[in-house]
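Shown next, in structure tokens, is the structure this report addresses.
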């Protein structure tokens, strides 16, 4: 299955996977991913939303648009069918405006995840040491605070455990001031599964899973981006 | 992923422990630096030089000269080549025919100059050496140092005694300085190598060699880059679980912007990845020669630090405030002592004055009193027995002239300090410079003679404690997994 997503993309000359493809890949690696469906039309988006239950989020699915939220391609917290319909129209218009030549597959419909601590997991390749995993506070924090830790793949349990505790924001994961704490063991398991997946999938060049919402009893990846090597 | 082969290792063993050394191309213009550095060498030294004008100088040094390596009648274990670069391939060919243990090329002017000729010559000697399995060290380096048998880079280096610290440096300057400055600080080398351009043998090969060397208990490394990052990572992880490895990575800002489309890619720049590698493998990262020396010194002379509670003693009220600031700023704790400790301190602080919370403030007059040594011992013992304290730091101030000048006053204090160090928790002395470099140096030397190397500022001591406390913590975590 993973190899099929990758080979299809490469066959059509793409190295950037769509959100839906990226999520399928990491879900196949055993990481918890929020239920996400591709809808190619407005009516499909509405019916998928109804089936999932509101509120939902809509995001444009296009290999040519990488920064979805910057270009107005993301609508969050849609509470009913009418809002979903309107959002669909707006997202499509925004996509066209951002890049008139963009090839648009449709929109992804996903259930809104309840709030939790946002973390990021990612991978990039170092010229000398190969794949390196990253963990840190997610969402916009990763861009502003750069509060992240790294480990060389493959990771052992101790690496996963240490890198989570290494970030300055670790107290936030422990449940700062009565907030729901994050389950650290689940995050460690995810890092180990990701390490294992990266080790077995040399076709992947870079990857961001951001954010992952971490709860006391679970965690779920809400967005993901996978970039492939042009050649292996 | 290649590993050092058994035959490479055996030959490297010959090169590190040679019975005979040949210097090719030493000359007046270099002040015969290589032949002079080998004046201490216990084995046989040969010179190879074809320039007739150099022969009298070589003969004056009492060294036999030959016109070719191949003319030397007995086996040669280690060769130092200081020849013009164009001659390098011919010397490599001779080394292969002579079946030497290893050859170090002091010669520079290869790929590091980024000239066509330099790059071509480097490729030539690399291919020749690889093909013949020759242990080529360098080029552009000062090669091997084995003080026990008097094999040196320069006549300024110590010899005759075997230490326990192995040092691996890309740069000859850092290898030489580490050994010379370290010696003054009680750091003695087992074996050391400067490996320059690393065309055949790289840092990883020497790391493996020193990992298996029984004389080497601690390994220090100065690295600018490695040829095979994965191999280095794998070996370092294994070696660091057996011996402390301290790494100083030079050139951290070498990499410019890279094309990347992910947050992770933007953030994972080279300096951070190196930091990650060092930490993940359980090695210790330092950022300068000073930090390297402080860290190795603490590994040698300070017992494992298993907590961050500091018990500090300074030589005046002003110094107490500053030492507390510095240690706290570094992220260490300066806890209150137990009630029982304060009761015990009260008993004799009434007599001598000063203040006793933590840091304890003692005046220099206190040490110079007749019972100075016993008061100091009592005070140190109270800190040693206090459960809140993990590491004890004593400042000595060079205004106490007797410590350096007058043996009658100094010896009892130095004895008290030596005795205490043996039985105590981790214990460290700082000799601050105060008003006189000369007096401070004198005092530091005196302590080194007693086997108690000191640290030269609050900042350097505090950072060393912090680094070591983190290292021992990670070692404990490693052993639990």
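Since every read-out is calculated from the coordinates, none of them should be taken as a lab result. As the structure is a prediction and not an experimental result, all values here were calculated from the model. Neighbour counts run over all protein chains shown; Cβ positions are idealised from the backbone, glycine included.
What angle do you read, to the nearest 10 degrees and between 0 and 90, between the alpha-carbon axis of helix B:407-423 and the longest principal axis of chain B?
80
When you look at the Cβ of every residue in A:142-154, what mean number of other chain Cβ atoms sits within 10 Å?
That works out to 3 on average.
Quick one: A:103, B:297, B:191, fewest Cβ neighbours within 10 Å first, how do they rank?
A:103, B:297, B:191
Assuming R0 = 45 Å, what is the FRET efficiency of residue A:66 and residue B:460, from their Cβ-Cβ distance, to the nearest 0.05?
Values: r = 48 Å, r/R0 = 1.06.
E(calc), rounded to 0.05, equals 0.40.
Can you list the equivalent-ellipsoid semi-axes of chain B, largest first and in whole Å, using the square root of 5 times each Cα gyration tensor eigenvalue?
Calculated on Cα positions only, the semi-axes equal 48, 27, 18 Å.
Cα convex hull of chain A: mean projected area in nm², to one decimal?
Numbers: hull surface 51.5 nm².
If you wrap the Cα atoms of chain A in a convex hull and average its projections, you get 12.9 nm².
Using the alpha carbons of the stretch A:35-112, what is the convex hull volume per residue in cubic angstrom, as a whole number?
Dividing the Cα hull volume of the stretch A:35-112 by its residue count gives 70 Å³.
Could you calculate the FRET efficiency of residue A:40 with residue B:477 from 1/(1 + (r/R0)^6), where r is the beta carbon distance between them and R0 is 60 Å, rounded to 0.05?
Working from the Cβ atoms, E equals 0.75.
Under a plain spin-label model, where a point goes 7 Å from the Cα along Cα-to-Cβ, how far apart in nm are residue A:217 and residue B:238?
Each label point is offset 7 Å from its Cα along the Cβ direction, giving 4.6 nm.
Modelling each spin label as a point 7 Å along the Cα-to-Cβ direction, I'd like the residue B:329/residue A:102 distance in nm, to one decimal.
5.0
Determine the distance separating the Cα centre of the stretch B:453-471 from the Cα centre of the stretch A:173-212; give it in Å without decimals.
What the calculation gives is 35 Å, centre to centre.
So how much slack lies between residue B:435 and residue B:40, counting 0.36 nm per residue of separation and subtracting their Cα-Cα distance, in nm?
138.3 nm
State the Cα centre-to-centre distance between the stretch B:197-242 and the stretch B:70-99 in whole Å.
Computed from Cα coordinates, the inter-centre distance equals 26 Å.
Show that you can apply the helix-only estimate: for chain B, add -39,500 (n - 2.57) for every DSSP H stretch of four or more residues, divide by all residues, and state [θ] at 222 nm to the nearest 500.
That calculation yields -13500 deg cm²/dmol at 222 nm.
Can you sort A:97, A:59 so the residue with the fewest Cβ neighbours within 10 Å comes first?
A:97, A:59
Taking the Cα atoms only, what angle lies between the long axis of helix B:116-132 and the longest principal axis of chain B, rounded to 10 degrees?
90
Which of A:121, A:92 has the fewest other C-beta atoms within 10 Å, and how do the rest follow up to the most? Intermediate results must be reported in sequence, preceding the final value.
Details: A:121 28, A:92 17.
Listing A:121, A:92 from fewest to most nearby Cβ atoms yields A:92, A:121.
At a Förster distance of 30 Å, what's the computed FRET efficiency of residue A:165 paired with residue B:184, Cβ-Cβ distance as r, to 0.05?
The value I calculate is 0.15.
If I take every Cα pair under 8 Å that is 6 or more residues apart in the stretch A:70-220, average their sequence separation and divide by the length, what percent do I get for the relative contact order?
Numbers: 208 pairs, mean separation 37.2, N = 151.
Reported relative contact order: 25 percent.
Can you tell me the mean projection area, over all orientations, of the convex hull of the stretch A:86-141's alpha carbons? Units nm², please. The partial results should precede the final answer.
Values: hull surface 27.3 nm².
Hull-based average projected area comes out at 6.8 nm².
Angle, helix A:81-98 long axis vs. longest principal axis of chain A, Cα atoms, 0 to 90°, nearest 10?
The answer is roughly 80 degrees.
Just need log10 I(q)/I(0) for the protein assembly as shown at q = 0.06, 0.10 Å⁻¹, Debye formula, equal scatterers on the alpha-carbon atoms, no solvent, rounded to two decimals.
Scattering profile of the protein assembly as shown, log10 relative to I(0): -0.50, -1.04.
Going 7 Å from the Cα of residue B:445 in the Cα-to-Cβ direction, what parts of the stretch B:183-199 have a backbone nitrogen less than 16 Å from that spot?
B:183-187
Considering the alpha-carbon set of the stretch B:166-293 alone, what are its Rg and its Dmax in angstrom?
When restricted to the Cα atoms of the stretch B:166-293, Rg and Dmax are 15.0, 51 Å.
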